[in-house]
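Below you will find the structure I want to go over with you.
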Amino acid sequence: MSAAEAPAPASAAAAPPAAQAPCVIEMDGVGFAYGKAAPVLDNVRFRVREGEFLGLIGPNGGGKTTLLKLVLGLLRPQRGTVRVLGHDPAALGRERRRVGYVPQDTGIRWRFPATVRDVALMGTYGALGLFRNPGPAEEAAAVRALKDVGLAGQEERPAWKLSGGQQQRLAIARALIADPKIVLLDEPTSGLDTGGQAQLFQLLERIKHERDLTVVMVSHDVTALAHHTQQIACLNRTMHWHDRSELITEQVLNHVYGCELDAFFLKHHEHLEEFHGDSALAEHAHGPHCDHGHHAPGAGAVPPRETPKP
């Protein structure tokens, strides 16, 4: 028996297992189809724990936006279960304010008659209900949210006059104003240049830390997600899970995207070398948390493992 395999002395106290944060989003065997079309989601299983920053990737039509709508309770699964903050999302009621959402299209129509403050305050309407106007508490929340996203001093500016990047920040402020525990973002970097994308990721990381948020972000920018998020989930009808985002591999991406990612592989290698060292390319990336299983195309994904964090 090697020294590494030798048992600890009897007098040594066993270290307690690392505590895990509670799950705030859970999907178990979820399936969904629109009408009589082929399933958009099939046997999807995954969990998001409190405080995580999860990147969700996959090809167009792979089911990413549908998954977010199921988490929001806007759609109901036809098979399986969805739990958000321990409840059926469709039954959250006013507690739905604990889930903030930034949709794909955050553009504001030309000459839309609303100020930046007005648009931010729209995020309070769900909690206030009908026939109630925002009061001092909501106004204070709007000031805080706009400050958090770098729009302090812009409150009275017509919202349609903001740049594309500022409008994206305003959409995030609207999602933050009800003090959510979870924020879902559907491709928030689309339409932004490289500098704007980098600034947005930095903003999200800062807000996540300051507000103790759980963040789920859909994006096609796999390299940026691998650098900024803690975990990546790969979705193309079924789910392929990675515990550590920097360990995403070409095999997984080929399985999810098919032949779409030739240009990405070069960028991903460059990213690994820059941020994780030359050895990262050789280490691989199928560590003990890799659950995609290297299936043949069409096979179902392996459920996520409950592996304690170190």
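What spacing in nm lies between the two simple spin-label points modelled at E139 and F112, each 7 Å away from Cα in the Cβ direction?
It works out to 2.4 nm between the two label points.
Another one. Give the accessible area for R206 in Å² (nearest 10); use a 1.4 Å probe, count only protein heavy atoms, and leave out ligands, DNA and RNA.
100
Once you place label points 7 Å from the Cα toward the Cβ at Y34 and D212, how far apart are they in nm?
Label-label distance for Y34 and D212, simple model: 3.9 nm.
Rounded to the nearest whole Å², what accessible area per residue is found for the range 23-179 with the 1.4 Å probe? Present the calculation step by step, with values, prior to reporting the outcome.
Values: 7590 Å² over 157 residues.
Here the per-residue accessible area is 48 Å².
Could you tell me the accessible area of W160 in Å² (1.4 Å probe, neighbours in place), rounded to the nearest ten?
Spelled out: W160, probe radius 1.4 Å, area about 60 Å².
Could you please put K64, K181, K147 in sequence from largest to smallest accessible area, using a 1.4 Å probe?
Values: K64 10, K181 75, K147 145 Å².
The residues order as K147, K181, K64, largest area first.
Distance cut-off 23 Å, Cα to Cα: go down the list K147/K181; K64/K208; K161/K181; K64/K147; K64/K161 and report the pairs above it. Provide the component values of the computation, followed by the final result.
Numbers: K147/K181 19 Å; K64/K208 21 Å; K161/K181 30 Å; K64/K147 30 Å; K64/K161 31 Å.
As for pairs spanning more than 23 Å Cα to Cα, those are K161/K181; K64/K147; K64/K161.
Where does the charge balance sit around D88 when Lys and Arg score +1, Asp and Glu -1, over other residues with C-beta under 15 Å from its C-beta?
Values: positive: K69, R76, R79, R83, R94, R96, R98; negative: E26, D28, E95.
Residues close to D88 contribute a combined charge of +4.
Can you give the extra length, in nm with one decimal, that the chain gains between D105 and A152 once fully stretched, where that is 0.36 nm per residue apart less the Cα-Cα distance?
Values: separation 47, 0.36 × 47 = 16.92 nm, distance 2.28 nm.
Contour length minus Cα-Cα distance gives 14.6 nm.
Rolling a 1.4 angstrom probe over the protein chains, ignoring ligands and nucleic acids, what is the accessible area of E205 in square angstrom, nearest 10?
70
Just going by the charge dipole of the range 27-88, with Lys and Arg at +1 and Asp and Glu at -1 on Cβ, which of L85, F46, T65 is farthest out on the positive end?
Ranked along the dipole, the leading option is T65.
Additional query: Give, rounded to the nearest 20 debye, the magnitude of the charge dipole that the range 60-170 has about its Cα centre when Lys and Arg contribute +1 at Cβ and Asp and Glu contribute -1 at Cβ.
Numbers: 18 positive and 9 negative charges, 67 e Å.
Rounded to the nearest 20 debye, it is 320 debye.
Which of rounded, prolate, oblate describes the range 86-157, given a ≥ b ≥ c as roots of the alpha-carbon gyration tensor eigenvalues and a/c under 1.5 marking rounded, otherwise prolate only if a/b is larger than b/c? Could you put the intermediate results ahead of the total?
Details: a/c = 1.78, a/b = 1.54, b/c = 1.16.
Judged from the Cα gyration tensor, the range 86-157 comes out prolate (a/c at least 1.5, a/b above b/c).
Whenever you get a sec, line up C234, C23 from highest to lowest accessible area (probe 1.4 Å, protein heavy atoms). It would help to have the intermediate numbers written out before the result.
Values: C234 0, C23 35 Å².
Correct descending sequence by accessible area is C23, C234.
Another question, if that's okay. Can you run phi through the Karplus equation (6.51, -1.76, 1.60; θ = phi - 60°) for the range 109-123 and list ³J(HN,Hα) in whole Hz, with x for Gly and Pro?
With coefficients 6.51, -1.76 and 1.60, one gets 4, 4, 6, 4, x, 8, 7, 4, 4, 4, 5, 4, 5, 4, x Hz.
Could you tell me what percent of the accessible area of the range 95-231 is made up of carbon and sulfur, with a 1.4 Å probe and every protein chain present?
Numbers: 3230 of 6490 Å².
Carbon and sulfur together cover 50 percent of it.
While we're here: Find how much the distance from E95 to T81 grows on full extension, using 0.36 nm per residue of separation minus their present alpha carbon separation; answer in nm with one decimal.
Details: separation 14, 0.36 × 14 = 5.04 nm, distance 1.89 nm.
Length gained, E95 through T81: 3.2 nm.
The values are calculated or read from the model by the stated rules, or taken from the named source; none is laboratory data. Every value quoted in this text rests on a predicted model; they were computed, and no experiment measured them. Note that each Cβ is placed from the backbone with ideal geometry, even for glycine, and that neighbours are counted across all protein chains shown. The protein model used for the area step is the full one, side chains on, heavy atoms only, and it has no ligands, DNA or RNA in it. Shrake-Rupley method; radii C 1.70, N 1.55, O 1.52, S 1.80 Å.
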